[in-house]
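Student: First the structure, then my questions, so here it is.
FYI, it's all coordinate maths here, none of it is from the lab. Just so it is clear, the structure is predicted and the values come from calculations on it, not from any experiment. Reconstructed Cβ throughout: ideal geometry from the backbone, glycine too, with neighbour counts over all protein chains shown.
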């Protein structure tokens, strides 16, 4: 791991919530795997989630990645945070989500650029079934992604305007931006990728 990746690991080991950013090829997915494995070694209950099923499929099956919508019981986002809390606590169909939320100490969300502020706020509310007085119910939140990639999808039917998750008051206070391309070493290709990522 290079310096910025090691800094991210150190912040996570310190118990802080964290945003990990960077363009394609800088080692975000590799770092997620390292953080996940380190948490397991430290006997922390960690869950890897993504905003899409395709993103989940990029990780080894042993990591048991699932969509954040399934993990939390949010589904298609039709319910308010308070209604979602009630459903997760009392509806037998949401028993799996309730168990996952209560048992998780660290939650990783990959491809965070596709998660809206509305969705992040609902997630924060439903996670308070663990501990009503702590943000995300005391779960350590690690969010990963590149906001120059795909944005959140608006869902005006359910009142979601598609605002970026980083506009939420629950956005992590700590950030690390990975800037070293590790997926390839061709300088021309690296420069092209950087130019494309900026538009």
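Student: Can you tell me, using C-alpha contacts under 8 Å and at least 6 residues apart, the relative contact order of region 2-117 as a whole percent?
Tutor: 27
Student: Between residue 164 and residue 134, what is 0.36 nm times their sequence separation minus the Cα-Cα distance? Round to one decimal in nm.
Tutor: Length difference between fully extended and current span is 8.5 nm.
Student: What FRET efficiency, computed as 1/(1 + (r/R0)^6) with R0 = 25 Å and r the Cβ-Cβ distance, is obtained for residue 7 and residue 37, rounded to the nearest 0.05?
Tutor: 0.90
Student: While we're looking at this one, here's another question. Fewest Cβ neighbours within 10 Å first, please rank 166, 36, 177 accordingly.
Tutor: So the ranking, lowest neighbour count to highest, is 177, 166, 36.
Student: For region 129-193 and region 55-100, what is the separation of their C-alpha centers, rounded to whole Å?
Tutor: Here the answer is 18 Å between Cα centres.
Student: Could you list 80, 188, 104 so that the one with the fewest beta carbons within 10 Å of its beta carbon is first and the one with the most is last?
Tutor: 188, 80, 104
Student: List the relative contact order of the chain as a percent without decimals, with contacts defined as Cα pairs under 8 Å and 6+ residues apart.
Tutor: After rounding, I find 30 percent.
Student: Give the order of 154, 44 when sorted by the count of other beta carbons within 10 angstrom, beginning with the fewest.
Tutor: Taking fewest neighbouring Cβ atoms as first place, the list is 154, 44.
Student: Here's something else I'd like to know. With N residues in region 1-107, what two-decimal value do you get for its Cα radius of gyration over 2.2 N^0.38 Å?
Tutor: Rounded to two decimals, the normalised Rg is 1.18.
Student: Across every pair of different alpha-carbon atoms, what Kirkwood hydrodynamic radius in Å does region 96-177 reach?
Tutor: For region 96-177, inverting the mean 1/r across all distinct Cα pairs yields 13.3 Å.
Student: Hey, another quick one. Based solely on its DSSP helices, what 222 nm [θ] is calculated for the chain when runs of n ≥ 4 H residues each add -39,500 (n - 2.57) and the sum is averaged over all residues, nearest 500 deg cm²/dmol?
Tutor: Theoretical 222 nm ellipticity from helices: -11000 deg cm²/dmol.
Student: If you don't mind, there's one more thing I want to ask. Using every pair of alpha-carbon atoms in the chain, split the distances into 5 Å bins beginning at 0 and state the percent of pairs per bin, rounded to integers.
Tutor: 1, 7, 16, 20, 21, 16, 10, 5, 3, 1, 0, 0
Student: What FRET efficiency would be calculated for the residue pair residue 187, residue 147, taking the C-beta separation as r and a Förster radius of 22 Å, to the nearest 0.05?
Tutor: That gives a FRET efficiency of 0.30.
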